[in-house]
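What follows is a set of notes on a single structure, which appears directly below.
The values are calculated or read from the model by the stated rules, or taken from the named source; none is laboratory data. Since the model is a prediction, treat every value here as computed from it, not as a measurement. Cβ placement follows ideal geometry from the backbone for every residue including glycine, while neighbour counts extend to all protein chains displayed.
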Amino acid sequence: MLYSAHEMQKAWLAGTSYFAQMQADWLKNPANPLSYLGTSNLISSALEVFAHAGEYRGKPKFDIHKVMLDGPTGKVEAKVETKIKCRKPFGQLKHFIHSGIENAPKLLIVAPMSGHFATLLRGTVERMLPNHDLYITDWRDARDVPMSEGKFDLDDYIDYLVEFLEHIGPDESGRGAHMLAVCQPSVPCYAAAAFMSANDHPCRPKSLTMMGGPIDTREAPTAVNRLSTGRPHSWFQQNVIATVPAHYRGSGRRVYPGFLQLSSFMSMNLGNHMMSHWEMFKHLVIGDDDSADATKDFYDEYRSVCDMTAEFYLQTVDAVFQRHLLPQGEFMHRGHRIDPAAITDIALLAIEGERDDISGIGQTKAALTIATALPDEMKKYHLAPGAGHYGIFNGSKWRENIAPLVEDWIKLHE
């Protein structure tokens, strides 16, 4: 019922959004005499803000077609091709190819499966692309995966990571790619690294960078953490899990809907989101289309959400946020205990944002503490001043301050 009710609301909003945009365009048309009235610009701007808010959004595209590389006499433009290296039911390994990757370090960016598509990391990809042979995990919307493909849980997530690293393959040194985990995948990436290390896997990563990840959510708990621990596990099963409606390919699959995740994110900073739309309205009124478009671009990505399988979501809530199994040395994968002490030769970099309201300070740093067998010179911690959760992987702070630190760490252990 919950999913069906949302679908009805989405269909209604899509229609009213389209009508509102038509009205806004009509009021701004120079051929319309009403467009010269003093209030027309205000009304059309308000209609445009409403139309954008109610617009239907599907999966965005990366749209990265070129990259600037260092040449003999300065920057040169190179074409970027995108290929699928490995295709799985619940995700695929995407490879960005350009002329400068021949001797570049291999880097696997692991996108979060937390309600948004991998394109949320477009800025992360663009910044790291020139100097790396870059891959990214491109997760599918669970509502589009037929029931015949089976389940997908935290164990499957770790299996996917291992298989993706195997597809990228070891380099001349006999080791795998570097890994960069953004937020939620820090836990499965850490588990995969420990699992592969314990088995002396030749494709285990050379380094693992974790950014704003919930390794130990007992450290500086945020509102997100308190929500997870303040209710019993049965509450999540009964209140936030829905069934995919019949008109999707994944009909009948039990999921944690993306629209619920988006609602929770929006409500956490509702005042900021309202101010952003107010600023967009003012930019439209004065004709500052560039600033208004920048806000639109952000929300086009932010509001593009996808569903997670119920088993993955519930297992993550239980193991990561409620029982804290990884930092306590009790995390299990396919019947085997994940031992952080098994990590002995994978360089670990933990990055946190000073103003992160999703993963508190110390939660990612805990990854360094529990890796008791790793030498200190292979551990590094960075607290990004003034950076919020999204600022550590996107925006100017990421591009100018954090990314160079990541690049240096990769070079050091390449």
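Scanning segment 166-178 for residues that are aliphatic (A, V, I, L, M) and over 19 Å from W409 (Cα atoms) yields a single hit, I168. Within segment 114-126, being surrounded by 21 or more Cβ atoms within 10 Å (Cβ to Cβ) and either at pLDDT 95 or above or not hydroxyl-bearing (S, T, Y) (or both) holds for G115, H116, F117, A118, L120, L121, T124, V125. Against the conditions (1) in a helix (DSSP H, G or I); (2) in contact (Cβ under 8 Å) with a residue 12 or more places away in the chain; (3) under 25 Å from the mean Cα position of the chain (by Cα), E279 satisfies every one except (3). When A78 is tested against the conditions (1) assigned by TED's automatic domain parsing to the domain that holds I109; (2) modelled with pLDDT under 90, the lone failure is (2).
Kindly indicate which of A177, A198 is touching a residue at least 24 places away in the same chain (Cβ under 8 Å), of a type outside the set (K, R) and more than 24 Å from R87 (Cα to Cα). I'd like the intermediate steps shown before the answer.
Details: A177 fails: more than 24 Å from R87 (Cα to Cα).
Exactly one residue qualifies, and that residue is A198.
Identify, from the list D155, D159, the residue that is touching a strand residue (DSSP E or B) at 6+ places or on another chain (Cβ under 8 Å), over 28 Å from L383 (Cβ atoms), of a type in the set (D, E) and in a helix (DSSP H, G or I).
D155
Considered as a group, the residues in segment 378-396 that are at negative phi and under 17 Å from the mean Cα position of the chain (by Cα) include one that is modelled with the lowest pLDDT, and that residue is Y390.
Considering segment 74-94 alone, what residues qualify as being under 30 Å from M147 (Cβ atoms) and either surrounded by fewer than 20 Cβ atoms within 10 Å (Cβ to Cβ) or without any contact (Cβ under 8 Å) to a residue 24 or more places away in the chain (or both)? Scanning segment 74-94 gives T82, K83, I84, K85, C86, R87, K88, P89, Q92.
Rundown of residues vs (1) surrounded by fewer than 16 Cβ atoms within 10 Å (Cβ to Cβ); (2) assigned to a helix (DSSP H, G or I); (3) charged (D, E, K, R), yes/no style:
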{"position": "A5", "(1), (2), (3)": "yes, yes, no"}
{"position": "W12", "(1), (2), (3)": "yes, yes, no"}
{"position": "G15", "(1), (2), (3)": "yes, yes, no"}
{"position": "M22", "(1), (2), (3)": "yes, yes, no"}
{"position": "P30", "(1), (2), (3)": "yes, no, no"}
{"position": "S35", "(1), (2), (3)": "yes, yes, no"}
{"position": "I43", "(1), (2), (3)": "yes, yes, no"}
{"position": "R57", "(1), (2), (3)": "yes, no, yes"}
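Being polar (S, T, N, Q) and surrounded by fewer than 18 Cβ atoms within 10 Å (Cβ to Cβ) is the filter; apply it to segment 244-271 and report the residue that is farthest from the chain's Cα centre (by Cα). By that ranking, first place goes to S251. Pairs linking a residue in segment 55-71 that is on the phi > 0 side of the Ramachandran plot and touching a residue at least 12 places away in the same chain (Cβ under 8 Å) to a residue that is surrounded by fewer than 17 Cβ atoms within 10 Å (Cβ to Cβ) and in a loop (DSSP other than H, G, I, E, B), with Cβ atoms under 6 Å and 6 or more positions apart or on different chains, do not occur. In segment 18-50, the qualifying residues are those that are small (G, A, S) and modelled with pLDDT of 80 or more, and the one that is farthest from G258 (Cα to Cα) is A31. Give the residues of segment 295-309 that are among the β-branched types (V, I, T) and more than 27 Å from S251 (Cβ to Cβ), sorted by residue number. T295, the sole residue that qualifies.
Residue check: G391 meets all listed conditions (1) crowded, with 21+ Cβ neighbours inside 10 Å; (2) among the small types (G, A, S); (3) not in a loop (DSSP other than H, G, I, E, B) but one, namely (1). Taking segment 207-218 as the range and being in a loop (DSSP other than H, G, I, E, B) and either crowded, with 21+ Cβ neighbours inside 10 Å or not assigned by TED's automatic domain parsing to the domain that holds Y313 (or both) as the test, the residues that pass are G212, G213, P214, I215, D216, T217.
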